[in-house]
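The values are calculated or read from the model by the stated rules, or taken from the named source; none is laboratory data. Worth saying up front: this structure is predicted, and the values here are computed from it rather than measured. Note: ideal-geometry Cβ built from the backbone for every residue, glycine included; neighbour counts use all protein chains shown. Ligands, DNA and RNA are excluded from the accessible area calculation, which covers all protein heavy atoms including side chains. Shrake-Rupley method; radii C 1.70, N 1.55, O 1.52, S 1.80 Å.
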Amino acid sequence: NTASNKMHDFECTCKSDPNLKAVDGPATCDKDECKSKPCGASQTCNDPVKSLGSLGDFTCTCGNGVVATGAAVAACETDECIPSPCGMGQTCTDPDTASNKLHDFECACDKDPSLKATDGPATCDKDECSSSPCDVDQVCNDPVKELTSLKDFTCTCSNGVVSTGASAICVVDECAATPPPCGADQTCTDPDTASNKLHDFECACNSDKSIKKVDGPATCDKDECASAPCGMDQTCNDPMQSVSSVGDFTCTCSNGVVTTGAMATCETDECAATPSPCGVDQTCEDPDKASNKLHDFVCFCNSDMSIKKVDGPATCDKDECASNPCGMGQTCADPKQS
C-alpha cells in the first residue's frame, strides 16, 4: 500500500519459492541440509539446492559409489572382509554387509571355528614349550602348536623316558652310569632314583664309610710316605694309605729299628757290625751312634793311633822288606812293619 503512509508493511518473497516470504524484512529462502551431517561416516554429503523449498534433496555418497538421496544414512553395503583382515589359516565373516556398520567382522580359526575374535585376528596357535613346563635336563616338544591341542607337549629325559602333558619322571640312577662316577674301592649310592634329580649321588670310601662326597669321587687314599717323613737311610711304609688312617706309616732303620708315625731314631753303631768294618789290629769308633748318621765311623791303627781313616780300614802296615832293600845273600827283617 504505497498510496498510504503506512510503514513496515512491505513483503519479501523468495524467487526460488514464492510461497516463502516475510513482512517487513528479508525472507529465509536458503538452508544447507548437509550442515546437520545427515550422512554416515566415510560418506560424502551434497545439498544441490540450499533452499527451504527443496528440503530432502541432499545426497549421501558412499566410498564405493553408492548414492542415497534424502535419506539419513546411505546403505553402502560395506564388506570388511575384503581384503581379509584376519591371519593366515583363518576365515573372515562380515555378518551385516548390507549396512554401513564397521568393526563387526569376525575371524575364526580354520582348524577350530569355535576359536574366533571380533574386529581382529583370532588367537589360534600356542607353543606350550614357551613356558618351560619340563624340568632341567629334559627336552620339550609341542608337535601341534594350537589352542585346540593343549597338553600335547612332551618332556623327554636324557635316558629316553617320555612324558606327555607334564614334566617327566626320568628315574635316573646316576650310579648305574658307565664308567661309574665314583673312584675305585668306593661305593656309589643314589638316594632318589625315583625322581629326575641329578648330581645327588654319593661316593663313600670302602675303607671308611664315614669318608664320602656328593656328586663326585671321595678322597679316600693318602700315602703318607709321599712327603718323605722318614730320615735318610730309613724305609717308609704306609700300610693303609687312607685318610682315615693318618699316622700309621712306619720308618724302618737298616738295623731293624722301627718307629710308627714319626722318623725313627735308629742308634746305629757301625762299629758293631760283623765282620768289623776296620782291618786287623785296628780300633773302630762311631762318634755319633745315637743318631741315624751312617758312614761316619773311624778306623785307628793300633800300632799308631795317629794313623786313621773315616768310613773304611786305615792303612797301618808297611813291610819295608817288600821292596828288597838288602843285597844278594842278605836276609831282610822289618819287626814293626808300621
Sequence neighbours fewer than 8 away in the same chain don't count; with that in mind, list the lysines whose C-alpha is under 19 Å from LYS15.
LYS31, LYS50
Over the range 122-267, give the accessible area per residue in Å² for a 1.4 Å probe, as an integer.
57 Å²
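Would you work out the relative contact order for the chain, in percent, from Cα pairs under 8 angstrom that are 6 or more residues apart? Can you show the working numbers first?
Values: 673 pairs, mean separation 16.8, N = 338.
The normalised contact order for the chain reaches 5 percent.
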What are the ³J(HN,Hα) values, in whole Hz, obtained from phi via the Karplus relation 6.51 cos²θ - 1.76 cosθ + 1.60 with θ = phi - 60°, for each residue of the range 221-229 in sequence order, with x given for Gly and Pro?
9, 8, 8, 5, 6, 4, 8, 6, x
Would you mind telling me which residue in ASP142, ASP96, ASP304 has the biggest mean-square fluctuation in a Gaussian network model of the chain, where springs connect alpha carbons within a distance under 10 angstrom?
ASP304
Give the range of the longest stretch in the chain that excludes all GluC sites (Glu not before Pro) found in loop regions by DSSP and having at most 14 other beta-carbon atoms within 10 Å.
78-266
At most 13 other Cβ atoms within 10 Å and a DSSP loop assignment: could you name the trypsin sites (Lys or Arg not before Pro) in the range 188-238 that fit?
LYS209
Checking the cross-link filter: which lysines have an alpha carbon closer than 19 Å to that of LYS309, excluding same-chain neighbours under 8 positions apart?
LYS289, LYS293, LYS318
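If I take R0 = 45 Å and measure r between the Cβ atoms of ASN141 and SER245 in this structure, what FRET efficiency does the formula 1/(1 + (r/R0)^6) give, to the nearest 0.05?
Working: r = 53 Å, r/R0 = 1.18.
Once rounded, the FRET efficiency stands at 0.25.
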